[in-house]
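K.L.:
Pasting a structure below so you can have a look.
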Amino acid sequence: MNFISTKIEGCYIIEPNIIKDDRGYFMESFNENTFQKATGQGVHFVQDNQSFSTKGVLRGLHYQVGEHSQAKLVRVLSGKVLDIAVDIRPDSKTFGKYVSVFLSAENQNQFFIPRGFAHGFLVLSDTATFFYKCDNYYNKESEGGVLYNDKTLNIDWNFSENELIISEKDKKQPILEKARKVW
């Protein structure tokens, strides 16, 4: 695996080593020892989640607060998405900045998002199956969110506003300035 640092400390793009032959391919998608050596982060994943969405669906920007905060390792099993992680750590020098990554079944890349980030993705293909590991269990009372089109974040979703399919809940998220503090 190749671990690529991003412009925000703690976020990594992970390129797998894919072994191909006439039968197909094999790859190791996660190895805790390799991950910890490459990132210096002692993450232990406890929950896996998966979603299926159609083109234009935007899910996010979501996070968990306090003791229920979550780190995530995300990837796409089918299709293609634009994945976004926004630094919402109050004391971070990159607070309010974001990293965007194209993830697809074709490139098999993964994106590691540490605790203290709001996360969202937009489906770019006709459909996409999105999979992610979390290092903490989901807790409804600890939900947090940031409005996907907060002007201070200035996220380029690569889609026009009228093409987006967004839940009512996500349309009503607060701007970053008024969002729940991650800790």
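Rule-based calculations on the coordinates, nothing more; no lab input. Quantities reported herein were computed from a predicted structural model and do not represent experimental measurements. Note that we place each Cβ from the backbone using ideal geometry, even for glycine, and neighbour counts take in every protein chain shown.
K.L.:
Just subtract the alpha-carbon distance of residue 18 and residue 140 from 0.36 nm times their residue separation and send over the number in nm, one decimal.
P.N.:
40.2 nm
K.L.:
For the chain, modelled as a GNM with alpha-carbon contacts under 10 angstrom, which of 166, 113, 14 fluctuates the most?
P.N.:
Result for the chain, Cα springs under 10 Å: 166 fluctuates most.
K.L.:
Right, next: If I build a Gaussian network model for the chain, linking alpha-carbon pairs within less than 10 angstrom, which residue out of 25, 137, 12 has the largest mean-square fluctuation?
P.N.:
25
K.L.:
Along the positive direction of the dipole of the chain (beta-carbon charges: Lys, Arg +1; Asp, Glu -1; about the Cα centre), which of 164, 142, 73 reaches farthest?
P.N.:
Of the candidates, 142 comes out farthest on the positive side.
K.L.:
Determine the dipole magnitude for the chain: charges of +1 sit on the beta-carbon of Lys and Arg, -1 on that of Asp and Glu, nothing else is charged, the reference point is the Cα centre, and the result goes in debye to the nearest 20.
P.N.:
360
K.L.:
For residue 41 and residue 183, what is the calculated FRET efficiency with R₀ set at 22 Å and r taken between the beta-carbons, to the nearest 0.05?
P.N.:
After rounding to 0.05, the efficiency reads 0.85.
K.L.:
Now, a different point. Give the relative contact order (percent, whole number) for the chain; include only Cα pairs under 8 Å separated by 6+ residues.
P.N.:
Averaging sequence separation for qualifying contacts and normalising by length gives 29 percent for the chain.
K.L.:
By the gyration tensor of its Cα atoms, with a ≥ b ≥ c the square roots of the eigenvalues, what is the shape of region 9-108: rounded for a/c under 1.5, prolate for a/b over b/c, or oblate?
P.N.:
It comes out oblate by the Cα gyration axes.
K.L.:
Next question. What FRET efficiency comes out for residue 172 versus residue 9 if R0 is 35 angstrom and r is the Cβ-Cβ distance? Round to the nearest 0.05.
P.N.:
Here the calculated transfer efficiency is 0.65.
K.L.:
Efficiency by 1/(1 + (r/R0)^6): what FRET value for residue 31 and residue 97, r their Cβ-Cβ distance, R0 = 30 Å, to the nearest 0.05?
P.N.:
It comes out at approximately 0.55.
K.L.:
Under the rule a/c < 1.5 gives rounded, and otherwise a/b versus b/c splits prolate from oblate, where does the chain land using the Cα gyration tensor?
P.N.:
oblate
K.L.:
Helix-only mean residue ellipticity at 222 nm, the chain, DSSP H runs n ≥ 4 weighted -39,500 (n - 2.57), per residue, nearest 500. What is it?
P.N.:
Helices in the chain give a 222 nm mean residue ellipticity of -1500 deg cm²/dmol.
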